[in-house]
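The values are calculated or read from the model by the stated rules, or taken from the named source; none is laboratory data. Not measured: the values here are computed from a predicted model. Here Cβ is always computed from backbone atoms with ideal geometry, including for glycine, and neighbour counts include all displayed protein chains.
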Amino acid sequence: LAKEDGKNGYRFFSKEVKTQSIERLSLESALRRALEREQFSLNYQPKVDMETGQITGVEALLRWSHPDLGNISPAQFIPLAEETGLIVPIGRWVVKEACVQAMAWQRRGLLPVSMAVNLSPRQFADEHLLQDVDEALAASGMSPVLLQLEVTESMMMRNVGRALKVLDAIQSRGIRLAIDDFGTGYSSMSLMKHFPIDTIKIDRSFVRDLPQDSEDQAIAQAIISMGKALGMTVVAEGVENAEQEAFLRTHGCDEMQGFLIAKPLPAKQMAELLRPVELSVAPPLQPEADPA
Ligand code: C2E
Ligand code: MG
Ligand code: MG
Ligand code: MG
């Protein structure tokens with residue numbers, strides 16, 4: 001009887017709060033063990049050149065597969081990893097794994113592509129970031145120019161002085177920098193020119209309703225012209241259909257990424273897309289017929 005009373009202690013909490021906090025707690029403790037239990041993997045999503053259709057790079061996207069909970073979406077666990085600080089060791093694993101994979105493809109003679117890795121605010125603020133990146137490059141043997149780090153506007157604007165230092169150190173190694181989700185954060189146009197940015201990625205929310213939405217048209221065009229004027233490569237995220245593609249191409253967007261090209265794929269399937277074209281099996285070119 002006494003035992004039963006004790007058990008009822010939890011009635012002080014509302015049922016929902018209890019369920020939520022237990023879910024969070026168990027997700028958190030599962031997340032803590034996910035690295036050592038090797039439950040993480042990376043998928044890779046290609047980026048293509050809008051003029052040539054060639055794959056120029058891939059972006060590594062983290063996946064968590066839990067034996068009981070199933071596949072947990074990054075939208076759920078990345079914020080939790082960020083809050084708890086677990087993103088630092090997880091992110092270290094991501095950079096390492098991505099570099100090792102890029103080198104494995106390169107050694108097999110597949111098309112050389114750049115490898116993009118997302119950084120979170122906590123990782124960006126971590127004092128060991130550069131050391132972790134250096135170690136990943138050294139351990140894999142990957143050339144720094146093939147690595148691209150994706151950061152967001154808010155990471156750069158939080159502490160501009162520190163961000164400039166970190167970004168300069170990254171650039172001095174030859175590593176490329178991209179601004180992810182561009183247009184969704186606060187950024188200062190005058191500071192944009194001081195950050196050593198190579199690429200800006202137009203956020204998916206501005207691409208979704210192209211070409212119908214006239215405001216998104218204006219925003220996409222403005223980002224493209226600004227990026228090009230500053231000598232950056234402009235990539236559109238989340239391209240899902242041919243109409244969006246046509247609009248972006250007409251307005252001079254350099255590269256695109258999205259379900260129209262490919263979803264994020266496991267390494268094996270990504271490798272299939274990186275196979276060099278067999279020139280020997282291509283049909284001989286026909287001379288162009290003269291117009292009658
Ligand atoms: P992100 O870096 O902006 O990545 C793009 C997200 O959009 C990916 O979601 C991708 O699967 C999705 N996506 C790509 N093309 C399309 C499309 O055509 N339509 C739609 N509807 N979605 C598309 P995912 O993989 O769920 O990742 C979500 C976010 O989680 C990423 O946004 C990134 O911020 C974060 N993330 C993923 N992997 C990592 C990681 O290794 N480290 C860190 N710090 N963050 C990561
Ligand atoms: Mg990204
Ligand atoms: Mg992002
Ligand atoms: Mg993005």
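For the reader, a short list of remarks on this structure follows.
- Odd one out for W93, checked against (1) more than 21 Å from G238 (Cβ to Cβ); (2) within 16 Å of ligand 2 (Cβ to nearest atom): (2)
- Evaluated against (1) over 17 Å from the mean Cα position of the chain (by Cα); (2) within 16 Å of ligand 2 (Cβ to nearest atom), Q212 falls short on exactly one condition, (2).
- Selected residue [small (G, A, S) and within 16 Å of ligand 4 (Cβ to nearest atom)] from S73, S65: S73
- Candidate set: the range 136-149, residues that are without any contact (Cβ under 8 Å) to a residue 40 or more places away in the chain and part of a helix (DSSP H, G or I); chosen: the one surrounded by the most Cβ atoms within 10 Å (Cβ to Cβ): L137
- Selected residue (criterion: farthest from ligand 3 (Cβ to nearest atom)) from residues of the range 151-162 that are among the aliphatic types (A, V, I, L, M) and not in a strand (DSSP E or B): V160
- Residue selected from the range 53-73 under the condition among the hydroxyl-bearing types (S, T, Y) and assigned to a strand (DSSP E or B), by the criterion nearest to W105 (Cα to Cα): T56
- The range 30-53, subset without any contact (Cβ under 8 Å) to a residue 40 or more places away in the chain and of a type in the set (S, T, N, Q), residue surrounded by the fewest Cβ atoms within 10 Å (Cβ to Cβ): T52
- Any hit, the range 195-209, residues being aromatic (F, W, Y) and in a loop (DSSP other than H, G, I, E, B): yes
- Qualifying residue in the range 153-165 (condition: within 22 Å of M232 (Cβ to Cβ), within 15 Å of ligand 1 (Cβ to nearest atom) and surrounded by fewer than 19 Cβ atoms within 10 Å (Cβ to Cβ)): yes
- On the stretch given as the range 115-134, residues that are free of Cβ contacts under 8 Å to residues at least 40 places away in the same chain and either part of a helix (DSSP H, G or I) or within 16 Å of ligand 3 (Cβ to nearest atom) (or both) total 7.
- Scope the range 82-98; condition over 18 Å from P264 (Cβ atoms) and in contact (Cβ under 8 Å) with a residue 12 or more places away in the chain; matching residues: E82, T84, G85, L86, I87, V88, P89, R92, K96
- Hits in the range 103-121 (condition: within 16 Å of ligand 2 (Cβ to nearest atom) and either surrounded by fewer than 19 Cβ atoms within 10 Å (Cβ to Cβ) or of a type outside the set (S, T, N, Q) (or both)): V113, M115, A116, V117, L119, P121
Results for (1) within 16 Å of L119 (Cα to Cα); (2) within 16 Å of ligand 3 (Cβ to nearest atom), shown as yes or no for each residue.
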residue: L149; (1), (2): yes, yes
residue: Q171; (1), (2): yes, no
residue: D181; (1), (2): yes, yes
residue: R208; (1), (2): no, yes
residue: S214; (1), (2): no, no
residue: Q217; (1), (2): no, no
residue: L230; (1), (2): no, no
residue: V235; (1), (2): no, yes
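- Taken over the range 210-224, the criterion of being surrounded by 13 or more Cβ atoms within 10 Å (Cβ to Cβ), part of a helix (DSSP H, G or I) and not aliphatic (A, V, I, L, M) is satisfied by D216, Q217, Q221.
- Residue identified as in contact (Cβ under 8 Å) with a residue 12 or more places away in the chain, over 22 Å from A116 (Cα atoms), in contact with a Gly (Cβ under 9 Å, 6 or more places away or on another chain) and surrounded by 22 or more Cβ atoms within 10 Å (Cβ to Cβ) among Q257, Q244: Q244
- Conditions (1) within 16 Å of ligand 1 (Cβ to nearest atom); (2) within 15 Å of T152 (Cβ to Cβ): number failed by E243: (2)
- Residue in the range 21-39 that is under 24 Å from I175 (Cα atoms) and at pLDDT 95 or above present: no
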